[in-house]
Amino acid sequence: MSEVGKRESFTIPIGPQHPALKEPEHFLISVDGEIVTDAVVRLGYAHRGIEKAVESRTWVQSLYMLERICGICSHIHAMAYCLGVEQLAGVEVPPRAQAIRVLVAELERIHSHLLWFGVSAHEAGFDTLFMYTWRDREKVMDLLEGFSGNRVNYSVNVLGGVKFDIDDAQAIAIREAVSFLEERTHHYLDVVTKDTMFLQRTRGIGVMTRSQAEVLGTVGPTARASNVYREIRVEAPYAAYDKYPVKIILDNRGDLEARFVVRLTELFESYRIILEILETLPDGDLTTRIPRRIKAGETVSRVEAPRGELFYFIKSNGSDTPERIRARTPTICNMMSVMKLLVGHQLADVPMILAGIDPCFSCNDRMVALNRGRNKEQLLTWEALRQYGIDYYKRRSD
Amino acid sequence: MGSTTIKDVLISLTALLIFPGGLFLLLVSLAYEWVDRKLLARMQNRVGPRWFQPMADTIKLLAKEEIVPDAVDASLFIGLPIVALAGVLTAAIYMPFPGLPPIGSFPGDLIVTVFLLSLVTICLGLAGANTLDRFSLVGATRTLTQLFAYEAPFLLALLGPAFVARSWEISEIISYTDGRWLLITQPFGFIVAVIGLIGKLEIPPLDAPEAETEIVAGALTEYSGRGLALFRLAKGVALVLGLTLIAAFYLGGVATPLLFLVKTLALLLVIVGIHALFTRLRIDQTVGLWWKYGTLLVLVQWLGIIIWQGVMI
């Protein structure tokens with residue numbers, strides 16, 4: 001190759017619109033035949049300026065805004081925010097509320113993992129598995145709808161507690177669904193570890209060693225599949241996780257199969273915790289009073305989202321609106337590992353490896369700091385930012 | 001003499017264009033496509049399309065504007081789907097479709113038929129290579145790679161029955177296989193032929209050439225409107241003819257339309273089952289499958305047939 005000079009690289013664009021992606025994002029894959037030689041990602045297509053938007057909303061309004069960062073893990077975003085704000089305000093949330101938060105978080109993890117499982121089966125061309133997992137996922141969606149009225153943004157949290165209580169009928173429904181799902185999960189675990197055709201697409205593909213996983217800063221199940229001990233529920237228990245300890249699931253193989261096994265095994269932990277919470281749900285209030293103005297200060301709130309560590313930085317200046325909120329989502333941490341892992345694999349493995357980190361692009365794309373080489377800080381109001389966006393696209397279309 | 005010629009011509013034209021070839025064959029292929037989609041949907045816990053959906057799709061596509069991209073050879077772009085469809089429709093002449101004796105036959109028509117069925121794949125590959133679209137180019141490469149992988153074993157598998165019938169003429173082979181289930185004596189050939197058909201038609205799990213999660217629609221990415229409709233029809237017809245050929249050769253013949261219906265649908269059920277059960281293979285795995293196992297199995301069977309015939313003589 002070097003003698004002939006630099007060969008013109010053949011690039012395949014995946015996205016922003018592509019059947020493999022359910023959300024807009026752009027990947028430029030350079031290939032030599034079927035082998036990937038380079039991969040570049042361009043983020044930002046789903047940027048909505050949420051972090052900026054919350055700065056002009058009250059603490060309560062911001063909750064609903066932040067919940068809409070992600071359609072899959074909406075609860076965990078709201079929970080991370082609430083935990084942070086409650087910490088700033090110095091408010092103690094009733095134990096029943098904390099337990100319900102954890103319960104919903106685990107239900108959300110189940111639906112998120114099943115969703116991911118179906119999508120990655122579809123990426124591998126195994127549509128039957130996709131249809132089956134999504135059918136089973138409906139059980140969880142029904143539960144979430146049952147006590148909150150919503151399938152996606154269930155809005156369980158309020159500052160200082162939760163909105164919805166779990167009554168006996170719901171507890172029975174949850175127990176039934178969980179025992180059904182537990183049986184199904186055993187079956188799925190069988191499929192991903194024994195189906196020869198499926199293993200051909202996952203075993204030994206996209207291997208990430210432990211040191212690579214650590215250097216690339218991966219989080220969540222992606223890291224745990226490479227045997228990295230990283231799980232916020234275990235390392236820094238929040239909400240009611242100190243009362244319901246979680247067993248960390250690790251795998252040392254680091255390939256796609258390990259990522260499947262880790263996520264599916266995690267589901268069993270979720271089932272166990274849900275049943276335990278239903279058994280020992282503490283009595284008491286659901287909410288506690290929280291001041292409208294939050295004391296000045298700043299805090300960090302870390303929770304374990306289905307995809308990994310979700311990190312919130314919250315700063316208050318003592319008024320009724322947040323000074324600054326920064327959310328770092330797990331996908332952005334894991335994205336770089338994908339770019340690294342793709343190189344050397346076949347084009348056919350690209351969608352699988354990408355799906356292996358369980359990417360969520362709308363989580364991913366938020367505030368981008370423009371550093372134009374000078375320390376000139378640009379501060380835009382929400383209206384100005386909106387106007388800037390409108391003008392930008394007008395200019396592009398001219 | 002003159003009147004009989006006109007009558008003959010009319011009969012031939014009817015046979016070619018209306019029944020059993022031509023129009024009737026197209027309708028049957030749409031019906032089979034519906035059976036395929038409905039069965040798959042039921043296996044995947046879905047509802048599936050209504051009976052007229054494939055026809056509605058085709059009519060809609062035919063009515064839509066065909067966008068010819070810049071930087072393609074326009075005549076090739078428009079001509080290839082027509083050649084593909086014409087090829088498979090011609091192949092029908094030598095087939096016992098639908099359970100009737102073939103309209104035409106000559107010694108060696110089996111080879112011609114198999115070639116005509118491959119024409120679809122070749123046209124697909126050329127259509128992909130004709131455009132500058134990157135998905136199409138990768139799709140075309142994969143289509144042609146897959147063609148080289150399955151073509152030899154598939155042909156060898158179809159020649160097995162021809163070998164025992166001691167003829168390469170389809171009408172003679174089917175008169176030999178009528179009532180004889182070669183599936184029992186030549187099981188490897190049957191398996192290879194069925195999987196060969198799956199590979200030929202790019203049905204999952206051998207659909208790497210049009211893997212939508214990687215390369216959108218593969219070679220057909222740039223096609224819209226009439227070209228896409230014609231390619232889809234050509235594939236549908238190739239499916240029906242492939243099923244006919246395998247049923248006639250391996251499943252004890254298709255002497256009557258009823259037998260034809262039962263046996264080809266049973267075969268379709270098997271293919272849909274394979275589609276529903278397996279994960280898509282990568283293109284290197286597909287090629288490996290054929291050259292490591294497919295060809296080997298057929299050759300072993302050939303050896304068996306030759307030895308058996310030697311013993312009998």
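The values are calculated or read from the model by the stated rules, or taken from the named source; none is laboratory data. Note that the coordinates shown come from a computational prediction; the quantities given were computed from them, not determined experimentally. With ideal geometry, Cβ positions are generated from the backbone for all residues, glycine too; neighbour counts draw on all protein chains shown.
Matching residues to (1) of a type in the set (Ser, Thr, Tyr); (2) in contact with an Asp or Glu (Cβ under 7 Å, 6 or more places away or on another chain); (3) closer than 30 Å to A:Tyr81 by Cβ:
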position	(1), (2), (3)
A:Pro16	no, yes, yes
A:Lys22	no, no, yes
A:Ala39	no, no, no
A:Leu43	no, yes, yes
A:Gly49	no, no, yes
Residues satisfying the stated conditions in the stretch A:240-268, i.e. of a type outside the set (Ser, Thr, Tyr), more than 18 Å from the chain's Cα centre (by Cα) and closer than 16 Å to A:Val104 by Cβ: A:Ala240, A:Lys243, A:Val246
For the stretch B:60-82, name all the residues that are in contact (Cβ under 8 Å) with a residue 60 or more places away in the chain and either part of a loop (DSSP other than H, G, I, E, B) or within 28 Å of A:Asp127 (Cα to Cα) (or both). B:Leu61, B:Lys64, B:Glu65, B:Glu66, B:Ile67, B:Pro69, B:Ala71, B:Val72
Counting just the residues of the stretch A:303-342 that are among the aliphatic types (A, V, I, L, M) and part of a strand (DSSP E or B), which one comes out surrounded by the most Cβ atoms within 10 Å (Cβ to Cβ)? A:Ala305
What are the residues in the stretch B:174-213 that are charged (D, E, K, R) and in contact (Cβ under 8 Å) with a residue 40 or more places away in the chain, if any? B:Asp178, B:Arg180, B:Lys200, B:Glu202, B:Asp207, B:Glu210
Is at least one residue of the stretch A:157-165 more than 14 Å from chain B (Cβ to nearest Cβ), under 30 Å from A:Val54 (Cα atoms) and in contact with a Gly (Cβ under 8 Å, 6 or more places away or on another chain)? no
Selection count, the stretch A:343-358, where residues are away from every other protein chain (no Cβ under 12 Å) and surrounded by 24 or more Cβ atoms within 10 Å (Cβ to Cβ): 3
Can you tell me which residue is surrounded by the most Cβ atoms within 10 Å (Cβ to Cβ) among those in the stretch B:113-148 that are within 14 Å of another protein chain (Cβ to nearest Cβ) and of a type in the set (A, V, I, L, M, F, W, C)? B:Val138
B:Leu296 fails exactly one of the following numbered conditions: (1) hydrophobic (A, V, I, L, M, F, W, C); (2) free of Cβ contacts under 8 Å to residues at least 12 places away in the same chain; (3) farther than 23 Å from B:Ala247 by Cα. What is the number of that condition? (3)
Residue in the stretch B:36-51 that is in contact (Cβ under 8 Å) with a residue 24 or more places away in the chain and of a type in the set (Phe, Trp, Tyr) present: no
Breaking point among (1) surrounded by fewer than 24 Cβ atoms within 10 Å (Cβ to Cβ); (2) closer than 19 Å to A:Ser148 by Cα, for A:Cys82: (1)
Result of the Cβ filter at 7 Å on the stretch A:336-351, keeping first residues that are more than 15 Å from B:Arg282 (Cα to Cα) and partners that are surrounded by fewer than 24 Cβ atoms within 10 Å (Cβ to Cβ) and of a type in the set (Ser, Thr, Tyr), at least 6 apart or interchain, is A:Val343/A:Thr37
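Residues checked against (1) among the hydrophobic types (A, V, I, L, M, F, W, C); (2) away from chain A (no Cβ under 14 Å):
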| residue | (1), (2) |
| --- | --- |
| B:Leu13 | yes, yes |
| B:Leu40 | yes, no |
| B:Trp51 | yes, yes |
| B:Lys64 | no, yes |
| B:Ala74 | yes, yes |
Picking from A:Ile174, A:Ile166, the residue that is buried (at least 18 other Cβ atoms within 10 Å of the Cβ) and within 24 Å of the chain's Cα centre (by Cα) would be A:Ile174
Out of the stretch A:123-156, which residues are more than 14 Å from chain B (Cβ to nearest Cβ), among the β-branched types (Val, Ile, Thr) and either out of contact with any His (no Cβ under 6 Å at 6 or more places or on another chain) or more than 30 Å from A:Ile205 (Cβ to Cβ) (or both)? A:Val152, A:Val156
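Condition check: loosely packed, with under 12 Cβ neighbours inside 10 Å and within 14 Å of another protein chain (Cβ to nearest Cβ). Does B:Val9 satisfy that? Reasoning before the result, please.
On the way: loosely packed, with under 12 Cβ neighbours inside 10 Å: yes; within 14 Å of another protein chain (Cβ to nearest Cβ): no.
Here the answer is no, as B:Val9 does not meet what is asked.
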For B:Val112: the one exception among (1) in contact (Cβ under 8 Å) with a residue 40 or more places away in the chain; (2) under 18 Å from B:Ala234 (Cβ atoms): (1)
Taking the stated definitions as given, is A:Gly217 farther than 25 Å from A:Ala121 by Cα, of a type outside the set (D, E, K, R) and not in a helix (DSSP H, G or I)? yes
Scope the stretch B:211-226; condition surrounded by 23 or more Cβ atoms within 10 Å (Cβ to Cβ), away from every other protein chain (no Cβ under 14 Å) and part of a helix (DSSP H, G or I); matching residues: B:Ala219
Within the stretch A:73-122, the count of residues that are outside any helix (DSSP H, G or I) and either in contact with a His (Cβ under 9 Å, 6 or more places away or on another chain) or among the acidic types (Asp, Glu) (or both) comes to 1
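The rows are residues; the columns are (1) surrounded by fewer than 21 Cβ atoms within 10 Å (Cβ to Cβ); (2) of a type in the set (A, V, I, L, M).
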residue	(1), (2)
B:Trp168	yes, no
B:Glu172	yes, no
B:Ser175	yes, no
B:Gly179	yes, no
B:Ile184	yes, yes
B:Pro187	yes, no
B:Ala193	no, yes
B:Gly196	no, no
B:Pro209	no, no
List the number of the failed condition for A:Arg201; all other conditions in (1) over 20 Å from the mean Cα position of the chain (by Cα); (2) assigned to a loop (DSSP other than H, G, I, E, B) hold. (2)
Could you tell me which numbered condition B:Leu89 fails, if it satisfies all but one of (1) modelled with pLDDT under 90; (2) of a type in the set (A, V, I, L, M, F, W, C); (3) crowded, with 24+ Cβ neighbours inside 10 Å; (4) more than 16 Å from B:Ala248 (Cβ to Cβ)? (3)
What is the residue count in the stretch B:1-35 for residues that are in contact (Cβ under 8 Å) with a residue 40 or more places away in the chain and outside any helix (DSSP H, G or I)? 2
If you check B:Val240, B:Val254, which single one turns out to be touching a Ser or Thr at 6+ places or on another chain (Cβ under 8 Å), away from chain A (no Cβ under 14 Å) and outside any helix (DSSP H, G or I)? B:Val254
Within the bounds of the stretch B:73-82, is there any residue that is among the aliphatic types (A, V, I, L, M) and farther than 20 Å from B:Gly128 by Cα? no
Give all pairs with beta carbons closer than 6 Å in which a residue from the stretch B:238-257 that is more than 13 Å from B:Pro101 (Cα to Cα) meets a residue that is of a type outside the set (A, V, I, L, M, F, W, C) and assigned to a loop (DSSP other than H, G, I, E, B); count only pairs at least 6 apart in sequence or on separate chains. B:Gly252/B:Gly179
If A:Leu21 satisfies every condition in (1) aliphatic (A, V, I, L, M); (2) part of a helix (DSSP H, G or I); (3) within 14 Å of chain B (Cβ to nearest Cβ) but one, which is the exception? (2)
